[in-house]
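Below is one structure, written out as C-alpha cells; the observations come after it.
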Amino acid sequence: MSQDNPGAQEDPIGASGVVDVALEWPVAASPQRLWRALFEQPESWWPAAHRAVGGDARMRFEAKLGAQLREESEEGGGLVWYEVIAIDPMRSVDLSGHLAARYGGPASSLLHIEIVPGADEGSSILKLTDSLFGRVGPNLRGSLTSGWQAIVGEGLVAYAAGGG
C-alpha cells in the first residue's frame with residue numbers, strides 16, 4: 001500500500017523511472033554496407049523470434065525522416081516499433097518508440113544508432129543507445145540488453161559482416 005494513498009496497491013510491475021542501455025559492436029563491413037543493411041534489408045536480419053506479430057511478419061524500415069521501423073503480417077496485423085525523428089545519412093539515426101502495457105510498459109524509448117568507421121579499412125563500429133522512460137521493472141535493463149544483442153549483434157551485425 002502507498003503511504004500517500006492508504007487504499008492504493010503498490011505497482012508490482014515497476015515504478016516510473018529511466019533505464020539507459022549503451023552497446024557497441026565491431027563490424028567486419030564498411031559503414032556504407034552496414035547502413036544499407038540496416039535500412040534496406042531488415043527482413044533478412046531481424047530474428048523471427050523477436051517479431052511481436054509473429055515469425056512470418058515482414059519488417060520494414062526506410063532511411064528517411066518520419067519513416068517507421070514496422071512489422072506487418074499478411075493478415076493485416078502489425079506493430080510500429082519506432083519512428084525516425086532525426087537522421088544523418090550514412091552516420092546516425094534517432095528513433096522514438098512506445099512500449100505498450102502488454103510488452104512491459106507503458107513506456108517510451110529514444111533509440112540512437114550510430115555507425116563510425118573502424119580502425120581497419122572496410123570495418124565499422126555500430127553504437128546503440130536505448131533510453132527507456134516510463135514504467136520500468138527491475139529486469140528491464142537485462143531484457144533490453146539481451147534483446148538488442150540478439151536483434152543487432154546476432155542479427156544485423158552478423159548479416160552485414162556476411163555480405164548482406
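Report the net charge of residues surrounding residue 57, where surrounding means a beta-carbon distance below 9 angstrom and charges are Lys +1, Arg +1, Asp -1, Glu -1. Mind dumping the intermediate values first?
Working: positive: 51, 58; negative: 56, 71, 72, 74.
Result for the neighbourhood of residue 57: -2.
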Revision key, fill the gap. In nanometres, the difference between 0.36 nm per residue of separation and the alpha-carbon distance of residue 80 and residue 145 is 21.4 nm
Study note, to complete from the structure: Once residue 90 and residue 22 are pulled to full extension, the length gained, defined as 0.36 nm per residue separation minus their Cα-Cα distance, is 22.5 nm
Point to revise | Spin-label proximity, residue 58 to the range 27-50 - amide N less than 13 Å from point 7 Å beyond Cα toward beta carbon | key: 41-44
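Rounded to the nearest 500 deg cm²/dmol, what is the calculated helix-only ellipticity per residue at 222 nm for the chain, with -39500 (n - 2.57) per DSSP H run of length n ≥ 4?
Values: 4 runs with 28 residues, N = 164.
When only DSSP H runs of four or more count, the value is -4500 deg cm²/dmol.
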Check your understanding: For residue 119 and residue 36, FRET efficiency with R0 = 22 Å and r from the beta-carbon atoms, rounded to 0.05?
Key -> 0.55
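Where a number appears in this text, it was derived from the coordinates with a stated rule and is not lab data. Being a predicted model, the structure only gives us computed values, none of them experimental. Because the Cβ atoms are built from the backbone with ideal geometry, glycine has one as well, and the counts that use them run over all protein chains shown.
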